[in-house]
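The values are calculated or read from the model by the stated rules, or taken from the named source; none is laboratory data. Keep in mind the model is a prediction, meaning the values are calculated, not measured. Cβ placement follows ideal geometry from the backbone for every residue including glycine, while neighbour counts extend to all protein chains displayed. Just so you know, the surface numbers come from the protein's heavy atoms only, side chains and all, with ligands and any DNA or RNA stripped out. Shrake-Rupley method; radii C 1.70, N 1.55, O 1.52, S 1.80 Å.
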Amino acid sequence: MVAAANPLAVDAGLSMLRAGGGAVDAAIAAQFVLNLVEPQSSGIGGGAFMLVHDARRGKIVAYDGRETAPAAARPDRFQDGDGKPLGFVDAVVGGRSVGVPGTVALLAAAHRRHGRLPWARLFEPAIALAERGFEVSPRLAALLAAETNFTQPRARAYFLDADGRPRAVGGVIRNPAFAATLRTIASGGAAAFYGGAIARDIVDTVSSAPRNPGDLSLADLANYTVKVREPVCAPYRAYRVCGMPPPAGGITALQMLGMLERYDLAAMGPATFWSVHFISEAGRLAYADRNAYIADPDFYAVPSWLLDAGYLEQRSRSIATTGSIGRAEPGMPPAAARKGVFRAEDALEFPSTSHLSIVDRYGNAVAMTSTIEDAFGSRLMTAGGFLLNNELTDFSFVPVVDGRLVANRVEPGKRPRSAMAPTIVHDRAGHVYAVVGSGGGPAIVNYVVKTLVSVLDWKLDPQAAAVLPNFGSRNGPTELERGTAAGALEPRLRALGHETRLLDQTSATQAIVRTKHGWAGGADPRREGTAAGD
């Protein structure tokens, strides 16, 4: 089964599974198609995190393909001459926000270890689609109509028509340049992306940006490496939940589950007043820790006690039925208090991103979340037909607060913190039970936790879990999806002391769950995804 944010990507993944390929093969083929049909969310100009359940080895492997800051990057990268944080356009649009892309290196590394089909075979669906063209979907058309920051001529020529109007629904886009790029990578491997003509094109595109030229170098690309990390895992009810370690969002999701486990969520019911209250309060506490302690582990030792059962129980006891916590402070056990080095600070994060959930006939599973950060990334398109990310704006813009360093500050070669949270759940017997993840920017952890609770506590099928209204807190207002049953809870939550905010919450949840009859899949109706399989 394949669950993805666009049916053409699902078709590409299924074609690999039906040809005898494994879950990783399907993920690679689907991701290349997503680059074409969902360019606002992910692509080879961005980065990704992938969890692989390797049935033969009996373990989960975590691949970190997060973008890295150039060697020239400095902590004040996103500050003006007066030391104040830059505004949206100056920070995001142009070359300054572009990090070294990691998706191609990740896909190649995962294929070397888990692939069953030849590398070049996996490019065929995307190459064919790029050459014959694809129709502009309603979601892509709507985002193009709202976009005002295409200043680069190449991007304007691709996304706008001859009269400068956004391409409309049903219009056909062809991308022969991207087909040529894919052929080069298919024949030359990841090395053909991180060196040679493609690498020179990336560097030229960044340095010649019409707005905010950047400093990415050929050496930055040549030195990029994928990190193979240990997943973070913890028990929840009768299950073992595994997520992506820092700098991704797995610890934050597991913290929320750990705080919620002592409460009877099943009795509260799906998206009811009390379940929204308890899950939102757990989110405040977990996001407070995230903003203080989660960063690139190669630069900062993320505290091991964040998932300690005793610590999480102590944190969870501050959740009360008599009122809201309000803005939570990060937890500080005595040993950490004595160190007192790092300070909490928010980063500029955006609700784009895409997710793939896949299981194959061999018992393997993939949960992969990929991104170029904001919709359309840096708004820079290479001559090779793909957009570049604006991922460096996931770093904290302020490197020092009250004389204390911020863990997620900009540093050369560093990977910015991420909320992406691909997740694989095992049952008591050690079998894959669920494969879950979502797009949606900094709220991704809340979307993933809502889906896990829906499946594991409320026993909803994955499609019902995806449809369920979104809600939660990122240690700010309790965010409720506008026009839903969750939104209707606003008056009662305010009466309990919640500061609330109604908004559109465009998640991109893709979930697959094992049932006694086989696999069941769910795809988020807020985007254009589907789930399909044999």
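Can you run the Rg to Rh ratio on region 439-534? Use alpha carbon positions and the Kirkwood inverse-distance Rh. Don't skip to the answer; put the middle values down first.
Details: Rg = 14.3 Å, Rh = 14.0 Å.
Rounded to two decimals, Rg over Rh is 1.02.
Do you know the relative contact order of region 1-135, to the nearest whole percent, from alpha carbon pairs under 8 angstrom that are 6+ apart?
30 percent
Using the heavy atoms of the protein chains alone and a 1.4 angstrom probe, what is the accessible area of region 127-183 per residue in square angstrom?
With all protein chains present, region 127-183 gives 50 Å² per residue.
Using the heavy atoms of the protein chains and a 1.4 angstrom probe, tell me the accessible area per residue for region 38-116 in square angstrom.
I get 30 Å² per residue for region 38-116.
From the P(r) of the chain, could you give the percentage of C-alpha pairs in the tail past 43 Å?
Values: 15739 of 142311 pairs.
Across the chain, Cα pairs with separations above 43 Å total 11 percent.
Dipole size in debye (nearest 20) for region 216-310 around its Cα centre, Lys and Arg Cβ +1, Asp and Glu Cβ -1?
Values: 7 positive and 9 negative charges, 42 e Å.
Rounded to the nearest 20 debye, it is 200 debye.
Below 8 Å between Cα atoms, with a sequence gap of 6+, how large is the relative contact order for the chain in percent?
Values: 1309 pairs, mean separation 124.4, N = 534.
Once normalised by length, the contact order is 23 percent.
Kyte-Doolittle mean at least -1.0 and Cα extent at least 27 Å along the axis: which DSSP H helices of the chain qualify?
273-293
Gain in length, Asp427 to Arg74, computed as 0.36 nm per residue apart minus the alpha-carbon separation, to one decimal in nm?
Gain in length upon complete extension: 122.6 nm.
Label points 7 Å out from Cα along the Cβ direction at Asn223 and Ala266: separation in nm?
Once both label points are built, they end up 5.3 nm from each other.
Counting only helical runs of four or more DSSP H residues, what would the 222 nm mean residue ellipticity of the chain come to if each run contributes -39,500 (n - 2.57) and the total is spread over all its residues?
-9500 deg cm²/dmol
Tally Lys and Arg at +1 and Asp and Glu at -1 over the other residues with C-beta under 10 Å from the C-beta of Thr506: what net charge comes out?
0
Once label points are set 7 Å from the Cα along Cα→Cβ at both Arg165 and Leu405, what is their separation, rounded to one decimal in nm?
Simple spin-label model gives 5.4 nm for this pair.
Can you give the FRET efficiency to the nearest 0.05 for Ala128 and Asp298, using r as the Cβ-Cβ distance and R₀ = 56 Å?
Rounded to the nearest 0.05, the efficiency is 0.90.
Sequence gap at least 6, Cα distance under 8 Å: using those rules, report the relative contact order of region 349-428 to the nearest whole percent. Show your work: numbers first, answer last.
Working: 106 pairs, mean separation 18.0, N = 80.
Reported relative contact order: 23 percent.
Farthest toward the dipole's positive end in the chain, which of Pro231, Val401, Ala3, given Cβ charges of +1 (Lys, Arg) and -1 (Asp, Glu) about the Cα centre?
It is Pro231, whose Cα lies furthest towards the positive end.
Once amide H atoms are built 1.01 Å from N in the peptide plane, which residues 5 or more positions from Tyr433, or in another chain, come under 5 Å H to H?
Result for Tyr433 returns Val425, His426, Asp427.
Using a Förster distance of 25 angstrom, determine the FRET efficiency expected from the C-beta separation of Ala19 and Arg112, and round it to 0.05. Working shown, then result.
On the way: r = 19 Å, r/R0 = 0.76.
Working from the Cβ atoms, E equals 0.85.
Can you tell me which of 243-256, 172-185 comes out highest on packing, and rank the rest after it, using the mean Cβ neighbours within 10 Å?
243-256, 172-185
Taking 0.36 nm per residue of separation and subtracting the Cα-Cα distance, what length does fully extending Arg57 through Arg494 add?
Contour length minus Cα-Cα distance gives 152.3 nm.
Given Gly214, Pro246, Ile173, which one lies farthest toward the positive end of the charge dipole of the chain, if we put +1 on the Cβ of every Lys and Arg and -1 on the Cβ of every Asp and Glu?
Pro246
Would you please state the base-10 log of I(q)/I(0) at q = 0.27 1/Å for region 132-207, with intensities from the Debye formula using one equal scatterer on every alpha carbon?
-1.15
Would you mind telling me the share, in percent, of accessible area of region 408-534 contributed by carbon and sulfur at probe 1.4 angstrom? Please list the in-between numbers first.
Details: 2100 of 4210 Å².
Looking at region 408-534 in its full context, I get 50 percent from C and S.
Would you give the gap between the C-alpha center of region 446-477 and the C-alpha center of region 239-261, rounded to a whole Å?
Cα centres, region 446-477 to region 239-261: 14 Å.
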